[in-house]
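Accompanying notes for the structure given below.
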Amino acid sequence: MSGKRYVDVFHPRRELGRTGFRATAVGIGDIADRAVPLEACVATLRRALEAGMNVIDTAPGYEAGYGEQMVGQAVREHGREKVFVIDKVDHLHEPVAPQVEASLRTLGLEAADGFLFHAVSQVADWRRIASPGGGMEQLDACRRQGRCRFVGLSTHHPDVAREAVESGLCDLILLPIGPWVDRRYTDEVLPLAKARGIGTFTMKTFAAGKLICDTSGYGKPLAHRPRGKLSSGGSDEAGAPALPRLSVRECVHYTLSWDADVSLLGMSFPNEQDPAFEAVLDFPGPLPAVAMADIRTRALAAVEGKGTSWWDPPRD
C-alpha cells in the first residue's frame, strides 16, 4: 500500500441523473485481477471508498465473478448505504432474472442500485433488448421485485447510445468519454442524456491504457523497450524510443471537463490510484477549447500503432 492516506477528500457534488443519489465526480471502475489476492483487491477498493468515492462498478464477466466478490466485500465492510453499486447483465439475449440473482449472490447483497446491460455495441442487439418482452422489460421486472432501483446499459457505439437515450427506457448509461473516443459521445449523446435526466457514467479515460502506456489494451504490453533502459549488467539495451503518451493528469482533466455525472476510473493498485486522485483534486475546472483540442491531437499520436479501439466504430 502507498504510504499516503486519502480520507474524505472527495465529496458528493450533485444528483446522479434523476436517481436522487448524490455522487462524487469520480467513481471506481473494474479493478478485478485474479493474480492479486482477494484481500489486497478489497483493500484497494476500501482505500478509494475511504477517500470518499461513492460509486462503484462491476460485472460478472470481470474475472469470472472475482470483481463482484471483491466489490461486495468492500461495500459490506464500508457500509452499504454509502455506496451506489452498479452491476451488469453480461448475456444480452439470455433470461435476465437468473443472471441478476447470480450476481447478487456473488456480491452478497440484497440488491444493486443499478443493473446495466453490458457492452451493448450493436444497434440490432439494443433493438432486441428494447423490444416488447425483451431484456429491458425483464430487467424492469427485477426492479419491481426490489433487486435493483435503476436500469440502463453500457455501450461502445454512439448510435446505440443515442437510441437508448431516446428510448425513454434507461435511467443510467455508461459510455466512453476521453481524449480518444468518437466525438458523438460528447457532442450529441452526453448533452441529450443530461437533458433527459439520465445518470451518466464515463469509461475509457485512458483508452484502455493506450494513452498513458505502450500497450494494445488492458494487460497487453507492446513488445517494445524504451531507449536507454539499463540491463541487469548495467549495459544499455537496444530498443525503440518511447512512444508518444499523455499524462494521467491530462486524461483525467480532459474527461472531467465534459462534466458527466461520474467518471469511472479503473485503479487496480494504490500506485495507480495516487496520480489519478491527485489529478482529480487539482482539476481547475473545464479546460479551454484550445487545450482540449491539443490533447485530442496528441491522443491521436499516442494511440498510433497500438491496435484497434473496440469502443468506437471505424474512423475515417
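Only beta bridges with both residues in the chain are counted; by DSSP, about 15 percent of them are antiparallel. The Cβ shell under 15 Å around ALA130 holds other residues with a net charge of -4, Lys and Arg each +1, Asp and Glu each -1.
Separation of region 1-63 and region 284-314, taken as the distance between their Cα centroids, equals 25 angstrom. Computed from the Cβ-Cβ distance with R0 of 25 Å, the FRET efficiency linking LEU222 to ARG34 stands at 0.60. Less than 19 Å from a label point 7 Å out along the Cα-to-Cβ axis of LYS82: which backbone N atoms in region 41-69 qualify, by residue? Flagged as within label range: 41-58. With both labels modelled 7 Å from their Cα along Cα-to-Cβ, the ARG249 to ARG46 distance reads 3.2 nm. Here each label is just a point 7 Å from Cα along the line to Cβ, and for LEU192 and GLN145 those points are 3.2 nm apart. In terms of overall dimensions, the C-alpha atoms belonging to region 49-93 reach 36, 16, 15 Å along their principal axes, ordered largest to smallest.
Our coupling estimate for region 57-74, obtained by passing each phi through the Karplus curve with A = 6.51, B = -1.76, C = 1.60 and θ = phi - 60°, is 10, 8, 6, x, x, 6, 6, 6, x, 5, x, 4, 4, 5, 5, x, 5, 4 Hz, Gly and Pro reported as x. Within the chain, all pairs of alpha-carbon atoms sorted by distance into 20 Å bins from zero give the percentages 32, 59, 9, 0. If R0 equals 45 Å, the separation of the Cβ atoms of GLU304 and VAL9 corresponds to a calculated FRET efficiency of about 0.80.
Taking amide H positions as modeled 1.01 Å from N, with prolines and chain starts lacking one, the residues under 5 Å from ILE28 and 5 or more places away or on another chain are VAL55, ILE56, ASP57, LEU265.
For region 93-227, the convex hull drawn through the C-alpha positions has a volume of 131 cubic angstrom per residue. Shown for GLU101, GLU250, GLU304: other C-beta atoms within 10 Å of each C-beta, ranked fewest to most, produce the order GLU304, GLU101, GLU250. The helix-based estimate of mean residue ellipticity at 222 nm for the chain, built from -39,500 (n - 2.57) per DSSP H run of four or more residues and divided by its residue count, is -10500 deg cm²/dmol to the nearest 500. Across region 293-307, coupling constants 3J(HN,Hα) worked out from phi with the 6.51/-1.76/1.60 Karplus curve, θ = phi - 60°, read 5, 5, 5, 4, 5, 6, 5, 4, 5, 5, 8, 4, x, 10, x Hz, and Gly and Pro carry x. Here, region 84-132 yields an orientationally averaged convex hull projection of 3.7 nm² when only Cα atoms define the hull.
Computed from the coordinates by the stated procedures, all read-outs in this text should not be read as laboratory data. All values derive from a computational prediction rather than experimental measurement. Backbone-built Cβ (ideal geometry, glycine too); neighbour counts: all protein chains shown.
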